[in-house]
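The structure appears below as structure tokens.
The values are calculated or read from the model by the stated rules, or taken from the named source; none is laboratory data. Here the structure is a predicted model, which is why all the values come from computation and not from measurement. We place every Cβ from the backbone using ideal geometry, glycine too, and count neighbours over all the protein chains shown. Quick note on the areas: whole protein, heavy atoms, side chains included, nothing else; ligands and nucleic acids left out. Shrake-Rupley method; radii C 1.70, N 1.55, O 1.52, S 1.80 Å.
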Amino acid sequence: MQRLGELEASVMDVLWDAAEPLRVRQVLEAINRDRDLAYTTVMTVLDNLHRKEWVEREMENRAYRYRAVATREEATAQSLREILDASDDRESVLLHFARSVTEEESDILRRALRRKPGKR
């Protein structure tokens, strides 16, 4: 997955918060609570997100309905994975990250590492 621009991230936030797939008009209405964008701008962003495989779309009554391919948490984890994969010194990156986590986050990581592989 490619990184998101500011407007793409705003559109994804709307889709992640939605309980069902949304039409362009519904995304536009949600985003325009904070800004003033044109329908065609949101349509183009959704088309780009579809091309980048961030969203899926399905045709319904001559209009597409869009939904996120992955949850916000899955997408964030994938971004972290890509950052780690891009490093020549993964150990150093992981150690710097480990020093930056809170005690609560550290406890979460410890519990996750103690679990057997394949269990959630």
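Descriptive notes on the structure:
- Evaluated over the chain, the Cα radius of gyration and Dmax, each in Å: 18.1, 53
- A convex hull fitted to the Cα coordinates of the stretch 1-49 yields 76 cubic angstrom per residue.
- Taken per residue, the accessible surface of the chain reaches 75 Å², heavy atoms only and a 1.4 Å probe.
- When the residues Met12, Met59 are ordered by accessible surface, computed with a 1.4 Å probe over the protein chains alone, the sequence from largest down reads Met59, Met12.
- Selection from Gln78, Leu94, Tyr64 lying farthest towards where the dipole of the stretch 64-120 points positive, charges on Cβ: Tyr64
- Carbon + sulfur, % of accessible area of the stretch 15-120 - ligands and nucleic acids excluded, 1.4 Å: 48
- In the chain, helical runs assigned H by DSSP with n ≥ 4 each contribute -39500 (n - 2.57); averaged across all residues and rounded to the nearest 500, the mean residue ellipticity at 222 nm is -18000 deg cm²/dmol.
- Computed E for Val69/Arg25 - FRET, C-beta separation, R0 25 angstrom, nearest 0.05: 0.75
- At R0 = 41 Å, FRET efficiency that the Cβ-Cβ distance of His50 and Glu104 yields, to 0.05: 0.65
- Solvent accessible area, Å² - Arg110, 1.4 Å probe, full protein context: 110
- Unit charges on C-beta of K, R, D, E only; dipole of the stretch 69-120, Debye: 480
- Nearest-20 debye value, the chain charge dipole, Cβ charges on Lys, Arg, Asp, Glu: 520
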